[in-house]
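Chemist: To start, I am sharing the structure in question, which I have written as structure tokens.
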Amino acid sequence: MGWLVLVFDGLLAAALIWLAWQATHTPGLFRSVISFIIFGLLMALAWVRLDAPDIALAEAAIGAGATGALLLSALGRLVATHEEGAPWQERRDLYFWIPAGGALLGLLTLAAWMLPSPGLGEQVQDALPESGVQNPVTAVLLNFRALDTLLEIGVLLLAAIAIWSLGRMPLPSAPAVRSPALPALGRLLFPMFVLVSAYLLWRGSHAPGGAFPAGAVMGAGGILTILAGAQPWLTGSVHGPWRMLLSLGFAAMLALALGVMALGQPFFAYPPGLAGLIVLALELAAGLSIAMSLVALYLAGQPPDHWEGEARGE
Amino acid sequence: MSLTDLLGGLLVLLGMPFFFLGTLGLLRFPDAYTRLHALAKTDNVGLGLVCLGLALYSGSWLTGLKLLLIWLLMLVASAAGAGLIGRTAMARGMKPWGL
């Protein structure tokens, strides 16, 4: 059966390269976006083949799902794009891109080859009992290297703030075709989104899952309900929770990192015994913030204080 | 190899032709409506057979139920998606083939 797996991996790698080419070089933006979404799905499959189900989940939910929705909505707002070939599709550009791509691939292969071979996996495994969780990925993300995660959540928060500061959100484009299927789908599926992200969050302590996939699934659920015509209720100055939820992950992590210092521990060093509880609480906070950030990114601007048709001042 | 393994493998193999025919329809049928017709139906049956086969193959109730849930979600999504694509094509004035 060995050769069958090899054939599958070869096909997967070839399809990824072909889709990457299509996404960047195909004439017509719609085809590019679709190629990019399929690229994300196949990339998730590649991560599964590399035994990295955590990254696969995040890639499928964020790379293919949320980014795909963002690109499609941006595409829908662009007026009349030119469908003919872009200037870089001239033949002479190939003389540059093929050698340059080959050189980059060669350098990356060399870099991967020269990585220290056992890596840090064994050290993580050795320290796992102290981390409070049984999943090494969650242990690294929220305990051993929690500072990195804090900064990542900070980047997401900054992105949401930057988009809000660009101006008010454009009016939600009413669907061109009224269909009863979409609102029904949104209503039917939203509880499923909540269930799946709660499951992923809970699972994160002992198996692949955790805050990022859970937040991404929840964010995708939010985007689907907006697409189905629902108005996000957590907005503006009237509905405060939106802002609080957006910054909850970053604030909670930072408060905790400084809080443990008051207990005589170094920065981000959880007191032994409490680590499991702390990681779970941080995962919950980070997951909620990630979900809200993704929805905030999708709104493409600061939401209004009041939605049209909503009772004011209540 | 036990009987359930054999049956599971057989069901997965039985699901494959449906995907193949659906893709063939997507490539060969003349307009959006006929393509949707081919794709939505065959994928639902194909995935159902594959999920059933994998559930038998896994030999665990919990995995079987998760696979069933995946199939049901796929049914809902595919029905809603096909309906939306069809309606949008209609609203854009695409004439069904042969009319």
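Results for (1) more than 20 Å from the chain's Cα centre (by Cα); (2) under 29 Å from A:PRO136 (Cα atoms); (3) open to solvent by 40 Å² or more (accessible area, probe 1.4 Å), shown as yes or no for each residue.
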| position | (1), (2), (3) |
| --- | --- |
| A:LEU6 | yes, yes, yes |
| A:HIS25 | yes, no, no |
| A:GLY28 | yes, no, no |
| A:PHE36 | no, no, yes |
| A:LEU41 | no, yes, yes |
| A:VAL48 | no, yes, yes |
| A:ASP51 | no, yes, yes |
| A:ALA66 | no, yes, no |
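Chemist: Could you check how many residues of the stretch A:24-55 are part of a helix (DSSP H, G or I), at pLDDT below 90 and among the hydrophobic types (A, V, I, L, M, F, W, C)?
Modeler: Counting residues in the stretch A:24-55 that are part of a helix (DSSP H, G or I), at pLDDT below 90 and among the hydrophobic types (A, V, I, L, M, F, W, C) gives 3.
Chemist: Any residue at all in the stretch A:162-182 that's open to solvent by 80 Å² or more (accessible area, probe 1.4 Å), touching a helix residue (DSSP H, G or I) at 6+ places or on another chain (Cβ under 7 Å), within 14 Å of chain B (Cβ to nearest Cβ) and modelled with pLDDT of 80 or more? Before you say what the answer is, go through the steps one by one.
Modeler: First, pick out the residues of the stretch A:162-182 that are open to solvent by 80 Å² or more (accessible area, probe 1.4 Å): A:165-166, A:168, A:171, A:173, A:176, A:178, A:180.
Next, only the ones that are touching a helix residue (DSSP H, G or I) at 6+ places or on another chain (Cβ under 7 Å) stay: A:173, A:176.
Then drop every residue that is not within 14 Å of chain B (Cβ to nearest Cβ), which leaves A:173, A:176.
Of the ones still in play, those that are also modelled with pLDDT of 80 or more are none.
Checking the stretch A:162-182: not a single residue is open to solvent by 80 Å² or more (accessible area, probe 1.4 Å), touching a helix residue (DSSP H, G or I) at 6+ places or on another chain (Cβ under 7 Å), within 14 Å of chain B (Cβ to nearest Cβ) and modelled with pLDDT of 80 or more.
Chemist: Let me spell it out: the conditions are (1) away from chain A (no Cβ under 14 Å); (2) part of a helix (DSSP H, G or I); (3) open to solvent by 70 Å² or more (accessible area, probe 1.4 Å), and B:TRP97 meets all of them except one. Which number is the exception?
Modeler: Answer for B:TRP97: the failing condition is (2).
Chemist: Related question: Failed condition for A:ASN143, given (1) modelled with pLDDT of 85 or more; (2) under 26 Å from A:LEU277 (Cβ atoms), with all others met?
Modeler: Just one mismatch for A:ASN143, condition (1).
Chemist: Out of (1) surrounded by 18 or more Cβ atoms within 10 Å (Cβ to Cβ); (2) away from every other protein chain (no Cβ under 14 Å), what's the single condition that is false for A:MET114?
Modeler: Every listed condition holds for A:MET114 apart from (1).
Chemist: Give the stretch B:82-94 a look and list any residue that's free of Cβ contacts under 8 Å to residues at least 12 places away in the same chain and assigned to a helix (DSSP H, G or I), or say none. First the steps, then the outcome.
Modeler: Narrowing the stretch B:82-94 to residues free of Cβ contacts under 8 Å to residues at least 12 places away in the same chain: B:83-84, B:87-88, B:90-93.
Scanning the stretch B:82-94 gives B:GLY83, B:LEU84, B:ARG87, B:THR88, B:MET90, B:ALA91.
Chemist: Also, I was wondering about something else. Among the numbered criteria (1) within 14 Å of chain B (Cβ to nearest Cβ); (2) modelled with pLDDT of 85 or more; (3) open to solvent by 40 Å² or more (accessible area, probe 1.4 Å), which one does A:LEU189 miss?
Modeler: (3)
Chemist: Moving on. Given the criterion open to solvent by less than 60 Å² (accessible area, probe 1.4 Å), modelled with pLDDT under 90 and hydrophobic (A, V, I, L, M, F, W, C), identify the matching residue among B:ALA32, B:ALA55, B:ALA91.
Modeler: Working: B:ALA55 fails: modelled with pLDDT under 90; B:ALA91 fails: open to solvent by less than 60 Å² (accessible area, probe 1.4 Å).
Result of the check over B:ALA32, B:ALA55, B:ALA91: B:ALA32.
Chemist: Give the residue, chosen from A:LEU201, A:LEU157, A:LEU147, that is away from every other protein chain (no Cβ under 14 Å), farther than 29 Å from B:LEU69 by Cα and either surrounded by 14 or more Cβ atoms within 10 Å (Cβ to Cβ) or in contact with a His (Cβ under 8 Å, 6 or more places away or on another chain) (or both). Break it down into steps so the answer makes sense when it comes.
Modeler: Numbers: A:LEU201 fails: farther than 29 Å from B:LEU69 by Cα; A:LEU147 fails: either surrounded by 14 or more Cβ atoms within 10 Å (Cβ to Cβ) or in contact with a His (Cβ under 8 Å, 6 or more places away or on another chain) (or both).
None of the other options fit; the residue is A:LEU157.
Chemist: If I ask for residues that are more than 8 Å from chain A (Cβ to nearest Cβ) and open to solvent by less than 70 Å² (accessible area, probe 1.4 Å), which ones from the stretch B:72-88 would you list? Give the steps one after another, and end with the answer.
Modeler: We begin by selecting, within the stretch B:72-88, every residue more than 8 Å from chain A (Cβ to nearest Cβ); these are B:72, B:74-75, B:78, B:81-82, B:85-86.
Passing the criteria: B:MET74, B:LEU75, B:SER78, B:GLY81, B:ALA82, B:GLY86.
The values are calculated or read from the model by the stated rules, or taken from the named source; none is laboratory data. Everything numeric in this text was worked out from a predicted model, so none of it was measured. With ideal geometry, Cβ positions are generated from the backbone for all residues, glycine too; neighbour counts draw on all protein chains shown. For accessibility, only protein heavy atoms count, side chains too; no ligands or nucleic acids. Shrake-Rupley method; radii C 1.70, N 1.55, O 1.52, S 1.80 Å.
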